[in-house]
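Novice: Please find one structure pasted underneath; my questions will follow.
The values are calculated or read from the model by the stated rules, or taken from the named source; none is laboratory data. Just so it is clear, the structure is predicted and the values come from calculations on it, not from any experiment. Note that we place each Cβ from the backbone using ideal geometry, even for glycine, and neighbour counts take in every protein chain shown.
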Amino acid sequence: MRDLFGDGIFAVDGAKWRNQRKLASFEFSTKNLRDFSSDVFRSNSAKLAKKISLLAAAEETINLQDWLMKSTLDSIFKVGFGFDLDTLSGLNEASNQFMKAFDDANGLVFWRFVDLLWRVKRSLNIGGEAVLKENIKIIDNFVYDLIRDKREQMKIGNRDKEDILSRFLMESENDPENMNDKYLRDISLSFVIAGKDTSANTLTWFFYTLCKHPLIQEKVSEEVKTATEADNNTSIDEFGPKLTQVALDKMHYLHAALTETLRLYPAVPLDGKSAENDDILPDGLKIKKGDGLGYMAYPMGRMTYIWGDDAEEFRPERWLNNGVFQPESPFKFTAFQAGPRICLGKEFAYRQMKILAAILVYFFKFKLVDESKEATKYPTFRFVTPTHSEVYTADPVNVEYILKTNFANYTKGEYINNIMRDMIGSGIFAVDGEKWHHQRKLAGVEFATKALRDFSTLVFKSNTIKLSNKILLFADTDNIINMQVKRYLNVGYEAALKENIKTIDKFVYELIQNKINQMKNENIYKDKEDILSRFLIESESDPKNMNDKYIRDIILSLVFAGMETTADTLTWFFYMLCKNPLIQEKVAEEVKTVTEADNNTSIDEFGIKLTKVAIDKMHYLHATLTETLRLFPAIPMASKRAEKDDVLPDGFKIKKGDGVGYMAYTMGRMTYIWGDDAEEFRPERWLHNGVFLPETPFKFTAFQAGPRICIGKDFAYRQMKIMVAFLVYFFKFKLVDPSKKATYRVMFTLYMDKGLHLYATLLLVIVLAPYFKELIFSNHRPPIIGPISTLVIHFWELHDYMTSLARKYPTCRFIAPLNSEIYTVDPVNIEYILKTNFANYPKGEYHTGIVKDFFGNGIFVVDGAKWRHQRKLASFEFSTKVLRDFSTVIFRSNTAKLAKIIFLLAAAERTMDLQDLLMKSTLDLIFKVGFGFDLDTLSGLDEASNRFMKAFDDSNGLVYWRLADLLWRVKRYLNIGSEAALKKNITIIDNFLYELIQNKREQMKNGNIYRDKKDILSRFLMESENDPENMNDEYLRDITLNFVIAGKDTTANTLTWFFYILCKHPLIQEKIVEELKTATEADDHTSIDEFGLKLTEIALDRMHYLHAALSETLRLYPAVPLDGKSAEKDDVLPDGFKIKKGDGVAYMVYAMGRMTYIWGDDAEEFRPERWLNKGVFQPESPFKFTAFQGGPRICLGKDFAYRQMKILAAFLVYFFKFKLVDETKKATYRTMFTLHMDKGLHLYAFRRF
């Protein structure tokens, strides 16, 4: 920064900083300066108001930022240096040069932060550094003249000057050696940047925001009117004196609005420091000597965990308490820095801004010229090369100007022509002038002929039939297809390019020669419909110019236009259809309707049905192709070259020789062009009452516009529609890897990198009939996503897929052969399903049938009398003090065992799969508490228990697969595939549990001690003696298994995700440790066994932050991520959607935790504090936080589970610090009934004591 800022206060440390700080601090505290500056601010603001008054009267547009920059510069020069700079008048050439040089230097110096070669450039005096040097020279000359003039004035005049420079000059007389002109120059320049840029930029954003919020603009105006007691007759000059300090102090709302502007648009968005010594930040991160540290004022203003859920909203009210402005900590609101370097001129700046804002807002109402444009984007920008600029725009007004209004000035130019010439030669895409006019004229005539249209249509049909038959072979054999058309070209290094062009030339010249020979030998070729024949006939009139080389270039351009662009568009089209299966079905349905084809129509017969009338009726297909071109234009960027200096409609200057490109790819994604859903694939935006409506070609630039608009546009649409109609009618396409995002290869056309690999499936109309029926007759039903088979495609990332749907559709559905499967995240719907109309939404036959082989008649899957019976027994058990005390002792004892195992692993510095250890520990716990047996899977020595645990986990996943596997019943009947594996696993589970029940029964017969047993199974066995017929061993097996899944999987899975999150948030891990120390009163010498005794019920109840962290884990990673019911009768949900008898109705717990409209903008952040109020845990509605269900089926073991998790977490977090083996690896889940972490949780543990 030194070259520009020198040794000014913003760039120095130590003694120099303290000296300037001391002097400035004294100056800013004087009443003299405050009064003088207020007079200057009022006077200069009045000047600006009068300027704006003239512009307003003439109804001219204003660049307010420019005016504010000039006004604040005038003010700072008057207050700081005692000079009337008068840049507002625009007449002072020297001041205008200074201002421009200052602004340019500011940007060039900041560029050094990213330019690693800036020192080299400075040494060589080239590029940006050469420009910077020139600007600094202008600045220096101006400031040194200023200092000299001021010194001369002081010699001959008054020494009681009020301006800051006069005071610094008087101070310099005491130390002329150190406070020389160079030092004074640096101080002066720092004051300029402090007083001009910061205030002017803040006011610029302030007025931009007022335009976006007219109600706030009116509130500010009203407050100013009240505070100043001005009326409609008050003139600008009269208004100034009313802006007294008292009046300014009353303007709390204006002060709040300016502060809110600074919060979101801080004048200094990023500030950097450098570490003098090694250090550790409060969040635990280490800093090394020499590290740069920057705090980000701009992002800080947008952080929900700092400012709340409305952080990104402009809301002045956040600063007011009963109408009075309330400041925030300067470490939260960092716009004026903080600590010893806090801005001295803060009050000075507020006063300047309030005076300027008050005058302007009182006398004028401001409105943006273009309301749709986002100020933070750059619709037009440039890159700088050594010889010229490359300008890029996405502004439709600019595009129209370049392509049409001033078409003659924006040619392909020599630069672009030279790049493309080797390949395209003098073809229509590379040339200008006469050659372009000639080819355009010939092509224009050809493309307009009916002969070409009819001939091309026949060719398109014929070739598409060939392609369909090829795909049919792939579909029948389940082979993968690469849907991307292979290219002749492989443009790479120059040597490879040369070889490729040689191959192309040979091929094309042979093609031309063969065609010439055909035309010589047969008169029939004189009437040929193909384009080459017509160009050859034309060449006979001008053989010299239209030689074989020229014909070659024309042909290659046509190949480029007809193959590359169409093939690329169709590649992206089929990719988008796979990503949007509902759209794929809509297109297929339209094609079927307009062609009147049926299930018996062959591929050849279908071609005949594709008449021009039928093609013209395909509005939805036309819209879908156009939407593809909007987002994935065949030519993503087109460049021109400026023939002369020019000015674009947005005011930007263009110099002769500049490249000017419009960005078709970018334009398709701009919200200020296409609306907030610009990046969504939505064909409906092109339809009005089902009829396709085109857009201006300067907004939708896929076919260029103006004189160079693509002649073959209709030709291309016809080709694409015929091809798509064939393929979509006969086949359903599916991506080989749905999770893989398609990317492009950077070349002239938007080529999909590595191809588009698909499966093609022949459409089975019988299977899809219910889907189409629902699609057509779906009044007041939830929106359809697609057939239920869609879930198979997304099975392995099912919950994230459902989350993405829920963001768009809080309630949606999939179509199954016999019913609909409805999914919701709406808390009102969930309360209705789980509580209000509970009786209508049982588990139902459909869900019970899927899981019965595994869960049997356990509490999680049954309804009616069996559910009530088990619920009643379990409810009694869970409410007893005996069970609570017994379980707490077991939890402490078993967790101590786990902690000792981790101690050994930590001492040996070995990695561990914590999920596996937690699964074993919780299984041991549930078997001891639930069944009175020491299973001891933690030791790993009991082979039978290890087999049981593996069979249990595998069965969980295999049963869940049935939800997506339409053939599971067939597989079960045939005992094959996944169903054979499931059967084996259930046999292992059954044998283990029946033996457990038998052993428990024998124990109870042989010893009365077991009659007083505290475990749950003993109590159920005693109950079974009253009803041995119904409560037989099979029933007890089912009850037992449901307790295992409730006590093992849910707890272990939650704790796995809990420890994963703690590793990602070390500060939260430390907060929990601190709470544990306080709650248990343990110290560094407490042993594991002693710690267990300290985990009393009272201590556990004090652990509010741990409780909040576990609840936050369950919110984001619920143990049961999806829960399904079945509708007994027709019904209507609170959101108005109809439910039919037999419909599946599921609520998506995993998705709910990520919905911003439920949990706020920080929904996807892990933030335990959301559960606390003044440090005390506050529960949420069970219909918002559904991890434990809600209504009559709410989890009985909720408190039991929290107690188990808190004890286990407390032990492990207190004694160990955990760290992921691979910090970069993101954890994923295995899709099953519970949210099991896929491939385990691999950690290091480090002892704390």
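Novice: Say whether the condition of being in contact with a strand residue (DSSP E or B) (Cβ under 8 Å, 6 or more places away or on another chain), part of a helix (DSSP H, G or I) and either on the phi < 0 side of the Ramachandran plot or modelled with pLDDT of 95 or more (or both) is met by at least one residue in the stretch 1026-1045.
Specialist: Taking the stretch 1026-1045 as the starting set, the residues that turn out to be in contact with a strand residue (DSSP E or B) (Cβ under 8 Å, 6 or more places away or on another chain) are none.
Scanning the stretch 1026-1045, I find no residue that is in contact with a strand residue (DSSP E or B) (Cβ under 8 Å, 6 or more places away or on another chain), part of a helix (DSSP H, G or I) and either on the phi < 0 side of the Ramachandran plot or modelled with pLDDT of 95 or more (or both), so the answer is no.
Novice: Based on this model, can you work out whether residue 156 counts as farther than 30 Å from residue 264 by Cα, of a type in the set (A, V, I, L, M), out of contact with any strand residue (DSSP E or B) (no Cβ under 7 Å at 6 or more places or on another chain) and at pLDDT 80 or above?
Specialist: The answer is no for residue 156.
Novice: For the subset of the stretch 245-254 comprising residues that are in a helix (DSSP H, G or I) and touching a Lys or Arg at 6+ places or on another chain (Cβ under 7 Å), which member is surrounded by the fewest Cβ atoms within 10 Å (Cβ to Cβ)?
Specialist: Let us first name the residues in the stretch 245-254 that are in a helix (DSSP H, G or I), namely 245-250, 252-254.
Cutting the leftovers down to touching a Lys or Arg at 6+ places or on another chain (Cβ under 7 Å) gives us 248, 253-254.
Values: 248: 19, 253: 22, 254: 25.
Once the filter is applied, the top-ranked residue is 248.
Novice: Just give me the residues in the stretch 783-826 being among the polar types (S, T, N, Q) and under 17 Å from residue 1149 (Cβ atoms), in sequence order. Reasoning before the result, please.
Specialist: At the first step, the residues of the stretch 783-826 found to be among the polar types (S, T, N, Q) are 789-790, 803-804, 811, 819-820, 824.
Residues satisfying the conditions are 803, 804, 811, 824.
Novice: If only one of 391, 384, 324, 399 is hydrophobic (A, V, I, L, M, F, W, C), at pLDDT 65 or above and surrounded by fewer than 13 Cβ atoms within 10 Å (Cβ to Cβ), which one is it?
Specialist: Numbers: 391 fails: surrounded by fewer than 13 Cβ atoms within 10 Å (Cβ to Cβ); 384 fails: at pLDDT 65 or above; 399 fails: surrounded by fewer than 13 Cβ atoms within 10 Å (Cβ to Cβ).
Testing whether each residue is hydrophobic (A, V, I, L, M, F, W, C), at pLDDT 65 or above and surrounded by fewer than 13 Cβ atoms within 10 Å (Cβ to Cβ) leaves just 324.
Novice: Quick one: would you say residue 87 is modelled with pLDDT under 70 and either outside the structural domain of residue 182 (by TED's automatic domain parsing) or among the polar types (S, T, N, Q) (or both)? Spell out how you get there, then give the answer.
Specialist: On the way: modelled with pLDDT under 70: no; either outside the structural domain of residue 182 (by TED's automatic domain parsing) or among the polar types (S, T, N, Q) (or both): yes.
So residue 87 fails the test.
Novice: When you scan the stretch 631-648, how many residues do you find that are touching a residue at least 60 places away in the same chain (Cβ under 8 Å) and either within 30 Å of the chain's Cα centre (by Cα) or outside any loop (DSSP other than H, G, I, E, B) (or both)? Give the derivation first.
Specialist: Our first condition is that a residue be touching a residue at least 60 places away in the same chain (Cβ under 8 Å); within the stretch 631-648, this holds for 632-644, 646, 648.
Checking the rest, the ones that are also either within 30 Å of the chain's Cα centre (by Cα) or outside any loop (DSSP other than H, G, I, E, B) (or both) come to 632-642, 646.
Qualifying residue count, the stretch 631-648: 12.
Novice: Can you tell me which condition residue 651 does not meet? The list is (1) crowded, with 16+ Cβ neighbours inside 10 Å; (2) at pLDDT below 85; (3) more than 29 Å from the chain's Cα centre (by Cα); (4) within 17 Å of residue 380 (Cα to Cα), and all the others hold.
Specialist: Only one criterion is unmet by residue 651, namely (1).
Let's see how each residue does on (1) assigned by TED's automatic domain parsing to the domain that holds residue 213; (2) touching a Phe, Trp or Tyr at 6+ places or on another chain (Cβ under 7 Å); (3) not aromatic (Phe, Trp, Tyr):
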site	(1), (2), (3)
295	no, no, no
311	yes, no, yes
322	yes, no, yes
339	yes, no, yes
343	yes, yes, yes
347	yes, no, yes
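Novice: Among residues belonging to the stretch 172-192 that are of a type in the set (D, E, K, R) and at pLDDT 75 or above, point out the one that is surrounded by the most Cβ atoms within 10 Å (Cβ to Cβ).
Specialist: Here is the first cut: in the stretch 172-192, the residues of a type in the set (D, E, K, R) are 173, 175, 177, 181-182, 185-186.
Filter once more, keeping what is at pLDDT 75 or above: 173, 175, 177, 181-182, 185.
On the way: 173: 9, 175: 11, 177: 7, 181: 16, 182: 13, 185: 20.
Here the residue is 185.
Novice: Also: Say we look at the stretch 200-244 and pick out the residues that are within 29 Å of the chain's Cα centre (by Cα) and among the polar types (S, T, N, Q); which of these is surrounded by the most Cβ atoms within 10 Å (Cβ to Cβ)?
Specialist: 202
Novice: Look at the stretch 696-725 and say how many of its residues are in contact with a Phe, Trp or Tyr (Cβ under 7 Å, 6 or more places away or on another chain), modelled with pLDDT of 80 or more and among the polar types (S, T, N, Q).
Specialist: Residues meeting the conditions: 1.
Novice: I need the full set of residues from the stretch 327-345 which are surrounded by 13 or more Cβ atoms within 10 Å (Cβ to Cβ) and at pLDDT 80 or above, in order please. Talk me through it step by step, then tell me what you get.
Specialist: Taking the stretch 327-345 and keeping what is surrounded by 13 or more Cβ atoms within 10 Å (Cβ to Cβ), we get 328, 330, 332-338, 341, 343-345.
If the condition is that a residue be surrounded by 13 or more Cβ atoms within 10 Å (Cβ to Cβ) and at pLDDT 80 or above, then 328, 330, 332, 333, 334, 335, 336 are the ones that fit.
Novice: I need the full set of residues from the stretch 566-608 which are polar (S, T, N, Q) and within 26 Å of the chain's Cα centre (by Cα), in order please. So that I can check it myself, show each step before the final result.
Specialist: So in the stretch 566-608, the residues polar (S, T, N, Q) come out as 566, 569, 571, 580, 584, 593, 595, 599-602.
Hits for the stretch 566-608 are 569, 571, 580, 584.
Novice: Does the stretch 612-633 include one or more residues that are closer than 28 Å to residue 400 by Cβ, touching an Asp or Glu at 6+ places or on another chain (Cβ under 7 Å) and among the β-branched types (Val, Ile, Thr)?
Specialist: no
Novice: What number of residues within the stretch 1058-1116 are closer than 20 Å to residue 1172 by Cα and outside any helix (DSSP H, G or I)?
Specialist: Summing the residues that are closer than 20 Å to residue 1172 by Cα and outside any helix (DSSP H, G or I) in the stretch 1058-1116 gives 2.
Novice: Tell me which residues, restricted to the stretch 254-286, are among the hydroxyl-bearing types (Ser, Thr, Tyr) and at pLDDT 95 or above. Write out each step before concluding.
Specialist: Filtering the stretch 254-286 down to residues among the hydroxyl-bearing types (Ser, Thr, Tyr) leaves 259, 261, 265, 274.
Selection gives 259, 261.
Novice: So which strands (runs of 3 or more DSSP E) stay within the stretch 1136-1249 end to end and still have 1 or more residues that are surrounded by fewer than 19 Cβ atoms within 10 Å (Cβ to Cβ) and in the same structural domain as residue 1084 (by TED's automatic domain parsing)? Talk me through it step by step, then tell me what you get.
Specialist: Values: elements: 1144-1148, 1216-1220, 1242-1247.
Answer list for the stretch 1136-1249: 1216-1220, 1242-1247.
Novice: Which count do you get for residues in the stretch 47-70 that are closer than 20 Å to residue 353 by Cβ and in a loop (DSSP other than H, G, I, E, B)?
Specialist: In the first step, residues of the stretch 47-70 are kept if they are closer than 20 Å to residue 353 by Cβ; the result is 47-52, 62-70.
If we keep only those that are in a loop (DSSP other than H, G, I, E, B) as well, we get 62-63.
Selection size over the stretch 47-70: 2.
Novice: In the set 589, 627, 605, which member is among the acidic types (Asp, Glu), at pLDDT below 90 and part of a helix (DSSP H, G or I)?
Specialist: On the way: 589 fails: at pLDDT below 90; 627 fails: at pLDDT below 90.
Testing whether each residue is among the acidic types (Asp, Glu), at pLDDT below 90 and part of a helix (DSSP H, G or I) leaves just 605.
Novice: Can you say whether residue 692 is of a type in the set (Phe, Trp, Tyr) and farther than 30 Å from residue 409 by Cβ, as far as the supplied structure shows?
Specialist: Considered against the rule, which asks whether it is of a type in the set (Phe, Trp, Tyr) and farther than 30 Å from residue 409 by Cβ, residue 692 comes out as yes.
Novice: Does any residue in the stretch 727-747 that is within 30 Å of residue 610 (Cβ to Cβ) come within less than 9 Å, Cβ to Cβ, of a residue that is part of a loop (DSSP other than H, G, I, E, B) and modelled with pLDDT of 80 or more six or more places away or on a different chain, and which pairs are these?
Specialist: So the pair list comes out as 729/597.
Novice: Same structure, new question: When you check residue 901 against the structure, is it among the β-branched types (Val, Ile, Thr), in contact with a Gly (Cβ under 8 Å, 6 or more places away or on another chain) and at negative phi, yes or no? Even if it seems obvious, please write down each step before you answer.
Specialist: Values: among the β-branched types (Val, Ile, Thr): yes; in contact with a Gly (Cβ under 8 Å, 6 or more places away or on another chain): no; at negative phi: yes.
So residue 901 does not fit the description; no.
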